[in-house]
1. By the scheme Lys and Arg +1, Asp and Glu -1, what is the net charge of all other residues having a beta-carbon under 14 Å from that of LYS159?
2. Relative contact order for the stretch 104-158 using alpha-carbon pairs under 8 Å, separation at least 6, rounded to a whole percent?
3. Before anything else, pin down the relative contact order of the chain: Cα pairs under 8 Å, at least 6 apart, normalised by residue count, whole percent.
4. Per residue, how much accessible surface does the stretch 12-101 expose to a 1.4 Å probe? Answer in Å², no decimals.
5. Quick one: accessible surface of ILE4, probe radius 1.4 Å, all protein chains present, in square angstrom to the nearest 10.
6. Out of the total accessible area of the stretch 1-143 (probe 1.4 Å, heavy atoms of protein only), what percent is carbon and sulfur?
7. Please build a GNM for the chain, connecting alpha carbons under 10 Å apart, and tell me which residue among VAL24, VAL93, VAL148 fluctuates the most.
8. What whole-number distance in Å separates the alpha-carbon centres of the stretch 1-42 and the stretch 132-180?
Amino acid sequence: MSRIGKLPVTIPAGVEVKFADSTVTVKGPKGELTQWVDENLVNINIEDGQLTVTRDNDAKERKSAHGLYRTLIHNMVVGVTDGFEKKLQIVGVGYRCEKKGDTLVLNLGYSHTIEMTDPEDITTEAPSQTDIIVRGISKELVGNYAAVIRQHRPPEPYKGKGIKYVDETIIRKEGKSGAK
């Protein structure tokens, strides 16, 4: 049995979880999220403040869906209670960011500035000129938007300049060696 899939999802106080018409809906203090679930692969039971995901047999596609749907639902519960955030750091001389209203303005060494408007349900912060924080209730949307920001200037391997995640380690390459 799936080690992740067999764990129950605890539903905290103030969070409402419903399952109807192949859709799991989670409402909490920070918002509401929905997720489609294939009822042919897994069964969902909600009772006594816990949600469990089970499967009927050990077919390959059912086994893979078991842990997946349990994790997606758990992330929804965490998202509507605590939310998710990704921290990015800008490294490089002259590279900086600033927040103007709901627009993130990036100066990354190009001849133009990059202006990114925050998508719905996502907020960005620029506590300093070299730090960016992306927050939201959907783990998927937060991760995707952080990746889009990082994509404008990924870190390069020689000097490490670019936009990187705070916990990311950049593997550095050695530059050219001297002449013979």
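The values are calculated or read from the model by the stated rules, or taken from the named source; none is laboratory data. Quick caveat: nothing in here was measured; it's all calculated off a predicted structure. No Cβ is skipped: glycine too gets one built from the backbone with ideal geometry, and neighbour counts run over all protein chains shown. Accessible surface is based on the protein model in full, side chains and every heavy atom, while ligands, DNA and RNA are left aside. Shrake-Rupley method; radii C 1.70, N 1.55, O 1.52, S 1.80 Å.
1. For residues surrounding LYS159, the net value is +4.
2. Over the stretch 104-158, the number comes to 21 percent.
3. The value is 18 percent.
4. Accessible area per residue, the stretch 12-101: 57 Å².
5. About 80 Å², ignoring ligands and nucleic acids.
6. Ligands and nucleic acids excluded, carbon and sulfur give 46 percent.
7. VAL93
8. Here the answer is 33 Å between Cα centres.
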